[in-house]
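These notes are about the structure you will find just below.
Nothing in this text is a laboratory measurement; each read-out follows from the coordinates by a stated rule. Given the structure is predicted, the values throughout are model-derived calculations rather than measurements. A quick note on method: Cβ atoms are made from the backbone with ideal geometry, for glycine too, and the neighbour counts reach across all protein chains shown.
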Amino acid sequence: MKHRGDTMLTPEQAARIRRFIQDNLRHFRFYPNINLKYRKEQDGRIVCFSPLTGRMSVLNPTMGDIYTQLRNHPGLNSDQVINVIAERFNLSPESIKKDIQDALVWLFVNGYIEIRYNDKTMSFVKLIKEQMRG
């Protein structure tokens, strides 16, 4: 239900955003959200506070490793992220490709990472605003 002043996405807009992300994932370069406050735990998890959402989250060790890799090496593409994680955990890239792609989408949608696409920096909030206009 939409009330006056609300900026809720319609199901069609949400589906369009998800399709856009999934269809273009291999063309994106990923960057960490530098406004995120986080602490890495000894077991590899990351405890995060997002000033954007006001929420705290705990990233599992794999997502924590993806986020850390992007903090250390901003601008990796999805294949590079997959290869780094596969090497770190001694797995084949093919065996983890879908899981890492899903993790990248989750990290983007939840504001932990941004993308660069066609020389344009895109956060999830910016993408939602574009969909709300279009």
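Some points to look at:
- Neighbour cut-off at most 14 other Cβ (10 Å), DSSP loop, chymotrypsin sites (Phe, Trp or Tyr not before Pro), segment 65-111: PHE89
- Long-range amide H partners of LEU76 with built H, under 5 Å: PHE30
- As a calculated quantity, the FRET efficiency between HIS27 and SER57 at R0 = 30 Å, using C-beta atoms, amounts to about 0.65.
- Inter-label distance, nm, simple model (7 Å from Cα along the C-beta direction), ASP99/ASP119: 3.9 nm
- From the alpha carbon centroid of segment 57-134 to that of segment 11-41 is 6 Å.
- Sorting VAL47, VAL84 by the number of Cβ atoms found within 10 Å of their own Cβ, with the fewest placed first, yields VAL47, VAL84.
- Mean Cα-pair separation over length for segment 26-115, i.e. relative contact order, pairs under 8 Å, 6 or more apart, %: 35 percent
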